[in-house]
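Novice: Following this message is one structure expressed as structure tokens.
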Amino acid sequence: MADFNAALNAHLKTGLTTLCHAWAIERRDGVVLAFTDHDRAVSFDEIAFRADSGLSARALSQTTGLSVDNTEAMGALSHSAIREDEIEQGRFDGAQVTCWRVNWADVAQRTILFRGSIGEMHRSGGAFRAELRGLTEALNRPLGRIYQKPCSAVLGDAACGFDVSASGYLMSVGVEICDEGRRFHWQNLPGFEEGWFARGRLEVLDGPAAGLWGMIKHDRKLASYREVELWEPIRGKVDAGTQVRLIAGCDKRMETCRLKFNNLLNFQGFPDLPNEDWVMAVPKSSGANSGGSLR
């Protein structure tokens, strides 16, 4: 057992135990929420586990080998702990979860029962259900490169290697008009041509929606203003004056990589991939065998 605690094991053997469960949720924005099913608060590792959250969990399924451990956490939505608007905004997506069995009379006697992340969350009737996924869940993702003409990298990641914070590829600006969290209007975005931010990102820097972001669908000039439209609305309140960051977009073409980003050496696509006509071509003694149309 990787987290064996001899003192806790001795306590379990007495037959008269003082045990509880403690849960810690660490979101990707750094916020840590902690709960316990004991009737009083428990503290260890500089974390205070709240006793009034109503958080509970179903039986934990644990297996050997590479099978995925899973369970489900349930609890009541409350303003000071897990809020419905934060679930809607996706702030708990992928959050790291750790569960301990603890002797509340001596918190040094504890062991980790589960470590993983939050998957799907459902909410209704003032309560929530969260699917918990084990550490081996990451092994279920398909890996490897895709043989295709467009680039398979994400702009700015390790494979791409481009620095998106370079001058001319992002700007921070205050929102002038926000339409339903999806369409953002400015009188002008000086220094950036139309379409420069298409397929890029819009990140909210302050206000109630700080930390949220969306992928940009369109960046276009309309009659008297510049419009940046997202694929999905920001799931938080964005008022006029809120600071947002616009990051240039990439359409994954070799020409864009060379001309817009000067990053052709890191292009992750296969631009010379032959088309279907070339694959079906057969040797012939007359005419050009160039891979063009066979008709």
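The values are calculated or read from the model by the stated rules, or taken from the named source; none is laboratory data. As the structure is a computational prediction, the values presented were derived from the model and not from experiment. With ideal geometry, Cβ positions are generated from the backbone for all residues, glycine too; neighbour counts draw on all protein chains shown.
Novice: Within segment 95-134, which residues are loosely packed, with under 13 Cβ neighbours inside 10 Å and more than 18 Å from Ala34 (Cβ to Cβ)?
Specialist: Correct list: Ala105, Asp106, Glu120, His122, Ser124, Gly125, Gly126.
Novice: To continue, here is another question. Take the residues in segment 84-143 that are in a strand (DSSP E or B) and small (Gly, Ala, Ser); name whichever of them is farthest from Ala209 (Cα to Cα).
Specialist: The extreme case among them is Gly134.
Novice: Return only the number of the condition from (1) under 18 Å from the mean Cα position of the chain (by Cα); (2) not assigned by TED's automatic domain parsing to the domain that holds Ser43 that Phe162 does not satisfy.
Specialist: (1)
Novice: Same structure, new question: On the given criteria, is Tyr169 surrounded by fewer than 11 Cβ atoms within 10 Å (Cβ to Cβ), in contact (Cβ under 8 Å) with a residue 60 or more places away in the chain and either in the same structural domain as Ala223 (by TED's automatic domain parsing) or not polar (S, T, N, Q) (or both)?
Specialist: Considered against the rule, which asks whether it is surrounded by fewer than 11 Cβ atoms within 10 Å (Cβ to Cβ), in contact (Cβ under 8 Å) with a residue 60 or more places away in the chain and either in the same structural domain as Ala223 (by TED's automatic domain parsing) or not polar (S, T, N, Q) (or both), Tyr169 comes out as no.
Novice: Output the number of the condition that Asp163 fails; it satisfies all remaining conditions of (1) surrounded by fewer than 18 Cβ atoms within 10 Å (Cβ to Cβ); (2) in contact with a Lys or Arg (Cβ under 8 Å, 6 or more places away or on another chain); (3) farther than 22 Å from Cys20 by Cα.
Specialist: The single condition Asp163 does not satisfy is (2).
Novice: Follow-up question, since we're still on this one. Residue by residue through segment 24-72, note down the ones that are polar (S, T, N, Q) and modelled with pLDDT under 85.
Specialist: Ser53, Ser56, Ser61, Gln62, Thr63, Thr64, Ser67, Asn70, Thr71, listed by residue number.
Novice: Please determine, by comparing only the residues of segment 178-214 that are part of a loop (DSSP other than H, G, I, E, B), closer than 30 Å to Phe92 by Cβ and of a type in the set (A, V, I, L, M, F, W, C), which one is nearest to the chain's Cα centre (by Cα).
Specialist: If we take residues in segment 178-214 being part of a loop (DSSP other than H, G, I, E, B), closer than 30 Å to Phe92 by Cβ and of a type in the set (A, V, I, L, M, F, W, C), then Leu212 is nearest to the chain's Cα centre (by Cα).
Novice: In addition: Of the conditions (1) more than 29 Å from Asn266 (Cα to Cα); (2) assigned to a loop (DSSP other than H, G, I, E, B), Ser167 fails just one. Which one is it?
Specialist: Going through the list (1) more than 29 Å from Asn266 (Cα to Cα); (2) assigned to a loop (DSSP other than H, G, I, E, B), Ser167 breaks only (1).
Novice: Suppose we filter segment 246-269 for residues that are crowded, with 17+ Cβ neighbours inside 10 Å and either touching a helix residue (DSSP H, G or I) at 6+ places or on another chain (Cβ under 9 Å) or touching a residue at least 60 places away in the same chain (Cβ under 8 Å) (or both); how many remain?
Specialist: 12
Novice: Now for a different question. Considering only segment 215-241, how many residues are outside any loop (DSSP other than H, G, I, E, B) and touching a residue at least 24 places away in the same chain (Cβ under 8 Å)?
Specialist: 9
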